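Below is one structure; the comments refer to it alone.
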């Protein structure tokens, strides 16, 4: 009898039925459950490949400085010289796949074209506007980035007038047209489906200091033709940026943006247009707009 009692006690202790100092057994599933670290974030600066035979000092400078920045901050920042949308999106997705990373901020560095009468930006030789984004040749490539995005992803249309919502007169003053920058932002956000899209109502001056948290994207071009009266809406909307929240489907105003040394998006706490030195020069230019300066 004593032998049977001893065997029963031994079995109970081995199976953990007697609490005492014993611990519950750890299952295989519990051993496999480890803390999941958040994926690292990579930022991108997309510059369009320069056309052969065309002198474009601004593009050359942006290519040079973004490549230098990418060399010294290669773990967090990648500069891509884009031939077209397909190539740019492929290279972005390959970088993210190979480094098991998520998309942080992507800045599309591009010229705007006020004389066309609508907001746009270029990825290589591809013109991106709210109409072309309906074309699967463009939308399919851009949507390939969606799996790498989250609510913290930021897409910056770095072209002048990229987010313009005003109506501007044509260069010859014969008609007017709405710029539809909000339509461009919404179309891009609806393709990506995550994060936020940023674009400017006016000029984007990517002068030295863009990667130093300074208001480098502020200011205006110095050429005389930009003082033509047809540019009045751009003058009146200097320093005004818009943001589109793709998740919430909402568009709103934003303070001017810039990038830090690693390519992360920075939003200024106070618009640079509030600075006293700027206001004085700005009002002087605005009151002296002329006609027939655009040749």
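The values are calculated or read from the model by the stated rules, or taken from the named source; none is laboratory data. It should be emphasised that the depicted structure is a prediction, and the values quoted were computed from it without experimental measurement. Heads up, the Cβs are rebuilt from the backbone with ideal geometry, glycines too, and the neighbour counts pull from every protein chain shown.
Brief remarks follow.
- Of note, residue 149 satisfies the criterion of being within 14 Å of the chain's Cα centre (by Cα), surrounded by fewer than 24 Cβ atoms within 10 Å (Cβ to Cβ) and closer than 22 Å to residue 263 by Cβ.
- Exclusive hit being modelled with pLDDT of 95 or more, in contact with a helix residue (DSSP H, G or I) (Cβ under 7 Å, 6 or more places away or on another chain) and part of a strand (DSSP E or B), set 197, 156: 197
- Scanning the stretch 253-270 finds one or more residues that are farther than 16 Å from residue 165 by Cβ, surrounded by fewer than 19 Cβ atoms within 10 Å (Cβ to Cβ) and at pLDDT below 80.
- For residue 117, the criteria (1) closer than 27 Å to residue 201 by Cβ; (2) out of contact with any strand residue (DSSP E or B) (no Cβ under 6 Å at 6 or more places or on another chain) hold in every case but one, which is (2).
- Number of the exception - residue 239 against (1) surrounded by 18 or more Cβ atoms within 10 Å (Cβ to Cβ); (2) without any contact (Cβ under 8 Å) to a residue 60 or more places away in the chain; (3) in contact with a helix residue (DSSP H, G or I) (Cβ under 9 Å, 6 or more places away or on another chain); (4) not in a loop (DSSP other than H, G, I, E, B): (4)
- Among the criteria (1) under 14 Å from the mean Cα position of the chain (by Cα); (2) buried (at least 20 other Cβ atoms within 10 Å of the Cβ); (3) not in a strand (DSSP E or B), the one residue 141 does not fulfil is (1).
- Residue 123, sole failed condition from (1) surrounded by fewer than 17 Cβ atoms within 10 Å (Cβ to Cβ); (2) in contact (Cβ under 8 Å) with a residue 40 or more places away in the chain; (3) within 24 Å of residue 41 (Cβ to Cβ): (1)
- Residue-level analysis places residue 106 among those that are modelled with pLDDT of 95 or more, assigned to a strand (DSSP E or B) and touching a helix residue (DSSP H, G or I) at 6+ places or on another chain (Cβ under 8 Å).
- Residue in the stretch 161-184 that is outside any loop (DSSP other than H, G, I, E, B), under 17 Å from the mean Cα position of the chain (by Cα) and more than 20 Å from residue 235 (Cβ to Cβ) present: yes
- Checking every residue in the stretch 226-235 against the condition of being under 27 Å from residue 129 (Cα atoms), modelled with pLDDT of 90 or more, part of a strand (DSSP E or B) and under 16 Å from the mean Cα position of the chain (by Cα) gives zero matches.
- Among the residues making up the stretch 76-101, those that are more than 18 Å from the chain's Cα centre (by Cα), farther than 17 Å from residue 125 by Cα and not in a helix (DSSP H, G or I) are 99, 100.
- Test result for residue 247, modelled with pLDDT under 90 and part of a loop (DSSP other than H, G, I, E, B): no
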